[in-house]
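Asker: Got a structure here, written out as structure tokens. Questions coming.
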Amino acid sequence: MGLDREKKVWVIGHKNPDTDSICAAIAYAGLKNKISSIRHEAKRAGNINEETRYVLDYFQVEEPELVTDVRAQMKDISFRQTAGVNDHISLKRAWELMKMEDVVTLPVVGSNNRLRGLIVTSDIATSYMDVYDNRILATAKTLYKNIAETLEGNILAGNEHAYFMKGRVIAEISGPDWMEEYMEPDDLVILGGHMPSQLKAIEHNASCLVVCMGLAVSREVIEAANRRDCVIIGTPYDTFTAARLINQSMPIKYFMTKANLIQFDLEDFVDDVKEVMSKVRHRDFPIVDEENNYVGMVSRRYLLNTQKKKIILVDHNEETQAVDGIGGAEILEIIDHHRLGSLETMSPVFFRNQPLGCTSTIIFQMYRESNVEIPKQTAGILCAAIISDTLMFRSPTCTAVDRAAAEELANIAGIDIEILAKNMFQAGSDFNRKPPEEILYQDFKTFTAGDYRFGVAQLSAMSKEELNTVREKLKGFLSGVLKERKLDMVFVMLTDILEESTILLSAGEDAAGIIGRAFSAKREEDGYLLKGVVSRKKQLIPALMGAMQE
């Protein structure tokens, strides 16, 4: 019942992830896999920036898979794995399988388990109750093997894998003479053990004889049938019963539903599936994979015990920064170094928040506390994350603990911190070929303060020339961001790492007044020069929020 899915936990950072968000997720998933029996996987909630890509490429670490929504999906629930059936099986066989499986719907599949249709009990009931003409078996292209199985008989002559394609189903009523007037070539004839009648039917090019009552068929009749490619089926039933049952031998493909099927993908979200189910009266629905291969059946009751995705959040604890659908997931842990945000959980969680410059410093501490050796690659990406978040120790958020951790990690990884930092920052500040939206959103976070909802992006570079390139590209772009993201204000920090200063760009009706109350800043063209301000977390956000709450 359900797929054999391994229990696993996703470790994921914030939207528009920076180097710390990605590297902390990878490293913490690695630690948890060493100390826990449950499988942990690093994920990302957005596209990685060029700085992070450089770090992962340099240390030959695979990029985490992108996840845009963590609500429960169909692949997260237990569902019924009713085996698919071939569309050539008989209605009688389908009915027997339904009773055996205690289901009302059977999935019909083709090669590679590709879903072709559905057969339900009402389809079978319709086939029994509706009145069909005596050509229906040929119209439905019925296998002789199906006819034999339905009548619990045996093939005595002819090819059991051939199809009844032409002719009618008729029953002998008064010996061989009636065939002269009534029988047509290719008819299927239900009759008894009267040898002259059997031979006469074969002589008139019957496609099949159904010999009833379990009566023996002579060698002469069998040989005659084989000469004319006539199938002979022997059945223990009497003529009336055989005539009544024979329509049940028709293949289900003639009755199954194959157009406008309501089906769900493994990747579909359970919430969306519930909404669809509420609007239709079907009892069961097929589930398919991305190639439309059948994997199981689901009904409403299977959605009652949906298992939420299990998540560990790193480098954030604000709902506005979390991956979409976080309210529908089960948060197990939060590892962060930011202010306490708006995120709420349904049950208690392990929450570790330290006033350090980088989440990866906390991950380093947790490796040491667990007595787990830090692999060389992991040490490299953790060191790179600390360099990135502390702007190579220039940020006021940087502590002695961060610096000591970075130096020890650099020693493990065998790298030079200054050389790595220079290459990382250069990779991250190559803005020439990027469009404005890619530049802005590569490190963009959303915050709430009172009635204000605002966004802050930070872009760092080693020279003024690189930042001036960004400044030109973002002119006239920020006002559109307000509408697109439904924000009251947006701010962009253009941070000069070497000069340890920031040009602050802004948009929004109250933005200039907020900056004026938050900083004694000199306006330069379209921005404000903030000397000594390089940290969004410690210097910019608290000041802006304080001004907003005045």
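Asker: Scan segment 530-538 and give yes if some residue there is surrounded by fewer than 20 Cβ atoms within 10 Å (Cβ to Cβ) and within 17 Å of Arg339 (Cβ to Cβ), otherwise no.
Answerer: We begin by selecting, within segment 530-538, every residue surrounded by fewer than 20 Cβ atoms within 10 Å (Cβ to Cβ); these are 531-532, 537-538.
Cutting the leftovers down to within 17 Å of Arg339 (Cβ to Cβ) gives us 537-538.
Taking every residue of segment 530-538 in turn, at least one turns out to be surrounded by fewer than 20 Cβ atoms within 10 Å (Cβ to Cβ) and within 17 Å of Arg339 (Cβ to Cβ).
Asker: Of a type outside the set (Ser, Thr, Tyr), assigned to a helix (DSSP H, G or I) and over 25 Å from Arg471 (Cβ atoms), is that true of Glu373? Spell out how you get there, then give the answer.
Answerer: Numbers: of a type outside the set (Ser, Thr, Tyr): yes; assigned to a helix (DSSP H, G or I): no; over 25 Å from Arg471 (Cβ atoms): yes.
In short, no.
Asker: Just one of Leu151, Leu209 is in contact with a Cys (Cβ under 7 Å, 6 or more places away or on another chain), open to solvent by less than 70 Å² (accessible area, probe 1.4 Å) and at pLDDT 90 or above; which is it?
Answerer: Working: Leu151 fails: in contact with a Cys (Cβ under 7 Å, 6 or more places away or on another chain).
Just one listed residue meets the conditions, Leu209.
Asker: The conditions are (1) without any contact (Cβ under 8 Å) to a residue 60 or more places away in the chain; (2) surrounded by 21 or more Cβ atoms within 10 Å (Cβ to Cβ); (3) farther than 19 Å from Gln354 by Cβ; (4) not acidic (Asp, Glu), and Thr378 fails exactly one of them. Which is it?
Answerer: (1)
Asker: Okay, moving on. Check whether at least one residue in segment 512-526 is closer than 17 Å to Pro396 by Cα, in contact (Cβ under 8 Å) with a residue 24 or more places away in the chain, surrounded by 14 or more Cβ atoms within 10 Å (Cβ to Cβ) and within 39 Å of the chain's Cα centre (by Cα), and report yes or no.
Answerer: no
Asker: Another question, if that's okay. Considering only residues that are open to solvent by 40 Å² or more (accessible area, probe 1.4 Å) and of a type in the set (A, V, I, L, M), look in segment 227-284 and name the one that is farthest from Asn205 (Cα to Cα).
Answerer: The selected residue is Val276.
Asker: Identify, from the list Ser395, Ser388, the residue that is surrounded by 15 or more Cβ atoms within 10 Å (Cβ to Cβ), hydroxyl-bearing (Ser, Thr, Tyr) and not in a helix (DSSP H, G or I).
Answerer: Ser395
Asker: Would you check if there is a residue in segment 97-106 being farther than 30 Å from Ala125 by Cβ and crowded, with 19+ Cβ neighbours inside 10 Å?
Answerer: Looking through segment 97-106, none of the residues is farther than 30 Å from Ala125 by Cβ and crowded, with 19+ Cβ neighbours inside 10 Å.
Asker: One residue is enough: does segment 463-475 have a residue meeting the conditions exposed (fewer than 15 other Cβ atoms within 10 Å of the Cβ), under 39 Å from the mean Cα position of the chain (by Cα) and more than 25 Å from His338 (Cα to Cα)?
Answerer: Yes, because at least one residue in segment 463-475 is exposed (fewer than 15 other Cβ atoms within 10 Å of the Cβ), under 39 Å from the mean Cα position of the chain (by Cα) and more than 25 Å from His338 (Cα to Cα).
Asker: A further question follows. Of the numbered conditions (1) closer than 18 Å to Asp18 by Cα; (2) without any contact (Cβ under 8 Å) to a residue 12 or more places away in the chain, Met100 fails exactly one; give the number of that condition.
Answerer: Met100 satisfies every listed condition except (1).
Asker: Taking the criterion of being within 24 Å of Lys434 (Cα to Cα), out of contact with any strand residue (DSSP E or B) (no Cβ under 7 Å at 6 or more places or on another chain) and in contact (Cβ under 8 Å) with a residue 24 or more places away in the chain, would at least one residue in segment 25-42 satisfy it?
Answerer: Of the residues in segment 25-42, the ones within 24 Å of Lys434 (Cα to Cα) are none.
No, segment 25-42 contains no residue that is within 24 Å of Lys434 (Cα to Cα), out of contact with any strand residue (DSSP E or B) (no Cβ under 7 Å at 6 or more places or on another chain) and in contact (Cβ under 8 Å) with a residue 24 or more places away in the chain.
Asker: May I ask you to verify whether Thr105 is of a type in the set (S, T, N, Q) and either within 21 Å of the chain's Cα centre (by Cα) or closer than 18 Å to Thr378 by Cα (or both)?
Answerer: Values: of a type in the set (S, T, N, Q): yes; either within 21 Å of the chain's Cα centre (by Cα) or closer than 18 Å to Thr378 by Cα (or both): no.
No, not satisfied.
Asker: If you don't mind, another one. Within segment 338-375, restricting attention to residues that are over 30 Å from the mean Cα position of the chain (by Cα) and among the hydroxyl-bearing types (Ser, Thr, Tyr), which residue is surrounded by the fewest Cβ atoms within 10 Å (Cβ to Cβ)? If you could, list the steps in order and put the result at the bottom.
Answerer: Filtering segment 338-375 for residues over 30 Å from the mean Cα position of the chain (by Cα) gives 338-340, 352-358, 361-362, 364-375.
Now narrow it down to the ones that are among the hydroxyl-bearing types (Ser, Thr, Tyr): 361, 367, 370.
On the way: Thr361: 28, Tyr367: 22, Ser370: 12.
Out of the qualifying residues, it is Ser370.
Asker: Select from segment 164-186 the residues that are under 19 Å from Thr235 (Cβ atoms) and not basic (Lys, Arg) and write down the one among them that is surrounded by the fewest Cβ atoms within 10 Å (Cβ to Cβ).
Answerer: Start the filter on segment 164-186 by keeping residues that are under 19 Å from Thr235 (Cβ atoms), which leaves 164, 167-173.
Then keep just the ones that are not basic (Lys, Arg); that gives 164, 167, 169-173.
Details: Phe164: 24, Gly167: 21, Val169: 24, Ile170: 20, Ala171: 17, Glu172: 22, Ile173: 9.
Filtering segment 164-186 for residues that are under 19 Å from Thr235 (Cβ atoms) and not basic (Lys, Arg), the one surrounded by the fewest Cβ atoms within 10 Å (Cβ to Cβ) comes out as Ile173.
Asker: May I ask you to say which residue of Lys279, Lys253 is farther than 21 Å from Ile155 by Cβ and part of a loop (DSSP other than H, G, I, E, B)? Lay out the reasoning, then the answer.
Answerer: Numbers: Lys253 fails: part of a loop (DSSP other than H, G, I, E, B).
None of the others qualify; the one that does is Lys279.
Asker: Since Glu62 meets every condition but one in (1) at pLDDT 90 or above; (2) closer than 30 Å to Leu151 by Cβ; (3) open to solvent by 60 Å² or more (accessible area, probe 1.4 Å); (4) not aromatic (Phe, Trp, Tyr), which condition does it not meet?
Answerer: For Glu62, the exception is condition (2).
Asker: Kindly establish whether Gly192 is within 18 Å of Ser218 (Cβ to Cβ) and surrounded by fewer than 20 Cβ atoms within 10 Å (Cβ to Cβ).
Answerer: Details: within 18 Å of Ser218 (Cβ to Cβ): yes; surrounded by fewer than 20 Cβ atoms within 10 Å (Cβ to Cβ): yes.
The answer is yes for Gly192.
Asker: Quick one: would you say Lys422 is part of a helix (DSSP H, G or I) and under 27 Å from Thr469 (Cα atoms)?
Answerer: Spelling it out, Lys422 is indeed part of a helix (DSSP H, G or I) and under 27 Å from Thr469 (Cα atoms).
Asker: Restricting to segment 290-337, and then to whatever is under 17 Å from Ile38 (Cα atoms) and open to solvent by 50 Å² or more (accessible area, probe 1.4 Å), can you tell me which residue is farthest from the chain's Cα centre (by Cα)?
Answerer: This residue is Leu332.
Asker: Given the conditions (1) among the charged types (D, E, K, R); (2) more than 21 Å from Lys434 (Cα to Cα); (3) part of a helix (DSSP H, G or I); (4) open to solvent by 70 Å² or more (accessible area, probe 1.4 Å), and given that Glu484 satisfies all but one, which numbered condition is not satisfied?
Answerer: All conditions are met except number (2).
The values are calculated or read from the model by the stated rules, or taken from the named source; none is laboratory data. Because the structure is predicted, anything quoted here is derived from the model rather than measured. Quick reminder, even Gly has a Cβ in these numbers, built from the backbone with ideal geometry, and neighbours come from all protein chains shown. Keep in mind that these areas ignore ligands, DNA and RNA; they rest on the heavy atoms of the full protein, side chains included. Shrake-Rupley method; radii C 1.70, N 1.55, O 1.52, S 1.80 Å.
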